[in-house]
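Data first, discussion second: the structure below is written as structure tokens.
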Amino acid sequence: SSGKLIHSLEGHKSDVNSAVFSPDGTKILTASADKTARIWESSSGKLIHSLEGHTSRVYSAVFSPDGTKILTASADKTARIWESSSGKLIHSLEGHTSRVYSAVFSPDGTKILTASRDKTARIWESSSGKLIHNLEGHTSYVNSAVFSPDGTKILTAAWDKTARIWESSSGKLIHSLEGHTSVVNSAVFSPDGTKILTGSED
């Protein structure tokens, strides 16, 4: 709360694109253009594991709700699931035909949602890495995709100037949110899931 620097996490060889805490706050996860994600001990700033295997930049990395898994999204057209305790690769989610900008777990951790430059978002089974639904309809790059707090809906933000709401169980489009006059970079649900907030280059 004092704003005092505690640790500087150094070691990535290129841009750091995202950084998040684990659910219990004991670890930190960073994603970098150096093609790796890294796990650090938050109390000491010490490097625990370097997650290597992506062949291009890693845009984002997140923990599963229970903290046991890690999910990375990369420009190499894949998202990958890793074991957080060991840094071991569990599954590579393949099928997107262009960069994967983001990947997130559902609130209960059973599903994964990816957003890609290939104009789609995709829903996957986290236990197997199997594709469940392909969300098609956006006419340009999908910048982000998130689950609603209860996991029943999905919200996507895209370069086509729209955000869209989908049913997560079926992958069916519910609403297209139109009105922005430029790229929609992000879209999120309110904590109670009743409202949506969008951010655009307009």
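FYI, it's all coordinate maths here, none of it is from the lab. Just so we're clear, the structure is a prediction, and the values are computed from it rather than from any experiment. A quick note on method: Cβ atoms are made from the backbone with ideal geometry, for glycine too, and the neighbour counts reach across all protein chains shown.
Projected label points at GLU52 and SER190, each 7 Å from Cα along the beta carbon direction, are separated by 4.8 nanometres. Of the listed values (1) 45, 41, 33; (2) 68, 38, 28; (3) 46, 40, 30, identify the label whose number matches Cα extents along the principal axes in Å calculated from this model. Read-out from the structure maps to (3). Here's the list of aspartates and glutamates a cross-link from LYS88 could span, going by alpha-carbon distance under 19 Å and ignoring same-chain residues fewer than 8 apart: ASP34, GLU41, GLU52, ASP66, ASP76, GLU125.
Build a GNM of the chain with springs between Cα atoms under 10 Å apart, and of GLY109, GLY11, GLY151 the one that fluctuates most is GLY11. Site-free segments of the chain were taken between GluC sites (Glu not before Pro) in DSSP loops having at most 16 other Cβ atoms within 10 Å, sites themselves excluded; the longest one is 11-93. Between the range 169-202 and the range 42-112, the C-alpha centres lie 24 angstrom from each other. Sparsely packed loop sites in the range 27-80 (the trypsin sites (Lys or Arg not before Pro) outside DSSP H, G, I, E and B with at most 15 other Cβ atoms within 10 Å) comprise LYS46.
Straight-line cross-link reach from LYS161 at under 24 Å between alpha-carbon atoms covers these lysines, not counting any fewer than eight positions away in the same chain: LYS77, LYS119, LYS153, LYS172, LYS195.
Per-residue extension of 0.36 nm, minus the Cα-Cα distance of SER127 and ASP150, leaves a gain of 6.3 nm for this segment. Straight Cα distances below 20 angstrom link LYS4 to the lysines LYS27, LYS46, with same-chain residues fewer than 8 positions distant left out. Normalised by 2.2 N^0.38 Å, with N the number of residues, the alpha-carbon radius of gyration of the range 10-127 equals 0.97.
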